[in-house]
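J.: A single structure is presented below for examination.
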Amino acid sequence: MQLINAENSKISGLSIIPTDSETVLTYRCDATAVYGMGERFDSVNRINQTTRIRIVEKFTQQGEDTYFPLPFFWADDGHGVFVETDHEVIFNLRENEFKIECADPDCSVHFFYGTPRQIVSQFITLTGEAVLPPDWAFGVWVSANRWNRQADIDEQLALIEKYRYPATVLVIEAWSDEATFYIWNGAAYTPQPGSGAFRSEDFQFGAAWPDPQGMIDRLHEKGIKLVLWQIPALKELEAGRSVPQHAADIAFALKNGLVAVNDDEARTPYRIPRQWFIGSYLPDFTNPALVNWWNEKRRYLVEMGVDGFKTDGGEFVHDLSIRFADGSSGESMRNRYAVAYEKSYHALAAKERVLFSRAGYTGAQTASLHWAGDQLSTFSEMRAVLTAGLSLGLSGVPFWGFDVGGFAGPIPTAELYLRATALAVFSPIMQWHSEMVEGQYGAGSDGDANNDRSPWNIARRTNDPFVCETATFFANLRMNLLPEIINQARIAQRDHLPMMRHLVFDYPDDPEVMHCDDQFLLGELLVAPILTEGVNGRTIYLPEGDWIDFWSGKSYPGKIRVAVEAELNRIPVFLRHGGAVLLNLADDQTLGSPVGNRVGDYPELTLLTGGSQASYVYDDKNGRSLRLTDGKLTSDLLSRLTVRNLEGMKML
């Protein structure tokens with residue numbers, strides 16, 4: 001174990017004790033709170049807990065497990081630690097004494113010092129800056145596992161138009177043959193040797209997807225991008241099922257050593273032993289030959305205009321003794337496999353496309369956006385999701401989202417769905433999604449074959465048209481906020497910040513924010529979602545400074561707790577006095593007003609200020625800028641800009 005930058009007054013009593021199975025580092029410090037360690041669903045503050053840094057695929061109710069651990073933390077006494085290893089790390093961090101256990105005797109332990117911003121920035125500088133997605137990725141995503149025909153997509157497009165819902169991204173999971181995961185289901189073709197790759201003209205598309213190219217073109221004409229689901233497995237097919245191309249691909253992969261192998265004399269191919277995709281072979285993404293072969297199989301999809309991939313899975317290394325082409329064992333690849341998988345797809349996707357991934361580890365932010373995986377449709381799971389998003393942000397990963405209203409189980413209540421939708425408006429990625437109807441928690445047990453988490457389906461299932469109206473209002477609000485959200489994304493990527501900022505990031509010296517993990521900052525906005533069932537308000541802590549209610553325009557002093565009401569069509573939000581928010585509003589200048597799904601190149605914008613002396617900086621991707629300083633405005637951004645004080649705003 002190598003210690004780097006360990007000599008500092010913040011820590012003392014360093015001791016390294018090697019054992020047969022691990023190396024243990026202990027030291028003393030004055031920390032009373034600890035943050036980071038990746039996406040954590042059980043608590044943001046990790047003090048007085050034992051936290052294992054290992055990827056675990058846990059379907060719903062994650063608890064102490066996580067898809068996205070990170071061997072990095074920082075403490076409120078001004079020091080942070082990154083254990084540079086792919087092996088499992090155990091952080092046992094108690095007040096007065098910290099203990100770090102690592103199974104890798106050759107790991108490096110980096111110490112950082114400074115403010116929360118400085119420590120997280122040092123970590124990102126060391127491990128890589130987050131990839132900045134294209135602007136359209138910050139719009140409104142729609143998705144459902146049950147859409148398995150082009151007719152389903154046509155139906156959703158008709159409903160999107162009917163309800164004037166401003167979707168910008170559509171995700172299809174059940175699009176492929178469920179064998180190769182790169183051929184459209186039902187397509188006819190002449191099988192190729194396993195070494196080959198198809199072009200779109202090699203297929204005669206069938207009844208399920210009769211014209212995928214035409215569908216993609218129609219989506220693009222409507223301003224909607226397409227993302228397709230992927231999985232890192234050479235699937236073991238169901239008994240009696242045969243897919244000749246898939247069989248040829250597997251034969252080629254096995255013959256050419258493109259899969260992970262067991263640590264036996266014959267180096268037999270490893271098969272996934274449990275949980276998900278049991279019996280399937282595991283592609284070896286440490287092998288450049290596999291990466292090239294795998295990506296070439298999918299290149300025709302990019303050429304058709306597919307805008308990204310939902311790179312699901314990545315948690316399939318269950319046997320720690322297996323071996324990979326670069327010499328790695330399963331012990332290290334249990335964590336690193338997801339990153340190798342995502343970086344391989346990142347090379348295929350290129351700059352103007354996105355990856356949307358579930359699992360992650362050190363460096364994953366350099367390749368992909370992420371989402372929180374699978375949760376039940378309950379208030380407790382929504383609370384856990386916010387905890388996870390804040391923890392991941394405090395760990396240096398800015399671009400993240402969750403499934404609105406939960407992914408699994410019975411349809412969410414109208415109340416849960418709208419509270420979750422409101423939270424998603426102010427999250428980096430806003431998406432609704434649902435499991436298959438015959439899911440593990442009986443999503444279709446009531447006999448209804450449609451369990452989509454779309455606003456129109458929730459309204460139908462709850463017999464409450466207010467749900468669709470209000471969810472559409474929130475989606476429009478998201479599009480109103482999109483210029484600001486895109487600006488905050490660029491700032492987050494440039495300055496190594498979370499987009500959803502725990503208050504401790506901005507107010508590290510305020511003891512009140514240490515445990516304040518049910519609200520967050522997005523730029524100059526303080527957002528406090530309703531996370532409890534059956535209430536129409538909550539208490540909010542306003543830190544130092546003055547704050548203005550985003551809806552009423554009422555001003556409040558800082559360093560106080562206030563009780564705020566919020567019916568189902570509202571979420572408590574405050575604008576920091578002296579700050580501003582850049583909005584895309586309709587002609588009536590109303591929050592929540594429909595502006596369609598257009599992203600970027602707006603003919604006019606509104607700068608909503610918190611006070612007459614507000615300051616604001618905006619730079620777009622074309623090098624144009626907007627500056628507001630001490631009431632003086634300069635801008636070459638567009639021909640028309642309206643500046644309004646929050647007190648004069650209207651709401652829908």
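The values are calculated or read from the model by the stated rules, or taken from the named source; none is laboratory data. Computed from a predicted model, the values in this text were never measured in an experiment. Glycine gets a Cβ as well: all are built from the backbone with ideal geometry, and neighbour counts include every protein chain shown. Please note that ligands, DNA and RNA were not included when accessible areas were found on the heavy atoms of the full protein model with its side chains. Shrake-Rupley method; radii C 1.70, N 1.55, O 1.52, S 1.80 Å.
J.: Can you tell me which of (1) open to solvent by less than 40 Å² (accessible area, probe 1.4 Å); (2) at pLDDT 85 or above is the one THR629 doesn't meet?
T.: (1)
J.: Can you find, within segment 231-289, the residue that is most open to solvent (accessible area, probe 1.4 Å) among those that are of a type in the set (Phe, Trp, Tyr) and in contact with a strand residue (DSSP E or B) (Cβ under 7 Å, 6 or more places away or on another chain)?
T.: Residue satisfying both the conditions and the ranking: TYR281.
J.: Just for strands (runs of 3 or more DSSP E) wholly inside segment 482-566: which have at least 1 residues that are without any contact (Cβ under 8 Å) to a residue 24 or more places away in the chain, of a type outside the set (Lys, Arg) and open to solvent by 20 Å² or more (accessible area, probe 1.4 Å)?
T.: 560-565
J.: Return the residues of segment 89-143 that are open to solvent by 10 Å² or more (accessible area, probe 1.4 Å) and part of a strand (DSSP E or B); say none if nothing qualifies.
T.: Selection gives ILE90, ASN92, ARG94, GLU97, LYS99, GLU101, SER108, HIS110, PHE112, TYR113.
J.: Follow-up. Somewhere in segment 430-444, is a residue within 30 Å of PHE123 (Cα to Cα) and either part of a helix (DSSP H, G or I) or modelled with pLDDT of 95 or more (or both)?
T.: Looking for residues that are within 30 Å of PHE123 (Cα to Cα) and either part of a helix (DSSP H, G or I) or modelled with pLDDT of 95 or more (or both), one finds at least one in segment 430-444, hence yes.
J.: Sticking with this one: Touching a residue at least 40 places away in the same chain (Cβ under 8 Å) and farther than 26 Å from GLY139 by Cα - does that describe any residue in segment 223-231?
T.: Taking every residue of segment 223-231 in turn, none turns out to be touching a residue at least 40 places away in the same chain (Cβ under 8 Å) and farther than 26 Å from GLY139 by Cα.
J.: Write out, first by first residue and then by second, each pair whose Cβ atoms fall under 6 Å of each other, whose residues are 6+ apart or on separate chains, and whose first residue, in segment 611-638, is farther than 21 Å from TRP547 by Cβ while the second is among the acidic types (Asp, Glu) and open to solvent by 60 Å² or more (accessible area, probe 1.4 Å).
T.: If the second residue must be among the acidic types (Asp, Glu) and open to solvent by 60 Å² or more (accessible area, probe 1.4 Å), the pairs left are ARG624/ASP636.
J.: Let me ask you something else. Among the listed residues LEU585, LEU605, LEU575, which satisfies the condition of being under 27 Å from GLY223 (Cβ atoms), touching a residue at least 60 places away in the same chain (Cβ under 8 Å) and part of a strand (DSSP E or B)?
T.: LEU605
J.: Still on this structure: If I go through segment 404-429 residue by residue, how many of them are closer than 12 Å to SER377 by Cβ and not in a helix (DSSP H, G or I)?
T.: 10
J.: Still on this model: Could we say that ALA384 is open to solvent by 10 Å² or more (accessible area, probe 1.4 Å) and either under 22 Å from PHE59 (Cβ atoms) or at pLDDT 95 or above (or both) here?
T.: Taking the combined requirement at face value, the residue satisfies it.
J.: Going by the conditions given, is THR19 hydroxyl-bearing (Ser, Thr, Tyr) and open to solvent by 60 Å² or more (accessible area, probe 1.4 Å)?
T.: yes
J.: Does segment 269-282 contain at least one residue that is over 17 Å from HIS318 (Cβ atoms) and at pLDDT 95 or above?
T.: no
J.: Pick out the one residue from LYS297, LYS351 that is within 24 Å of the chain's Cα centre (by Cα) and either more than 24 Å from LEU70 (Cα to Cα) or touching a residue at least 12 places away in the same chain (Cβ under 8 Å) (or both).
T.: Being within 24 Å of the chain's Cα centre (by Cα) and either more than 24 Å from LEU70 (Cα to Cα) or touching a residue at least 12 places away in the same chain (Cβ under 8 Å) (or both) holds for just one of LYS297, LYS351, which is LYS351.
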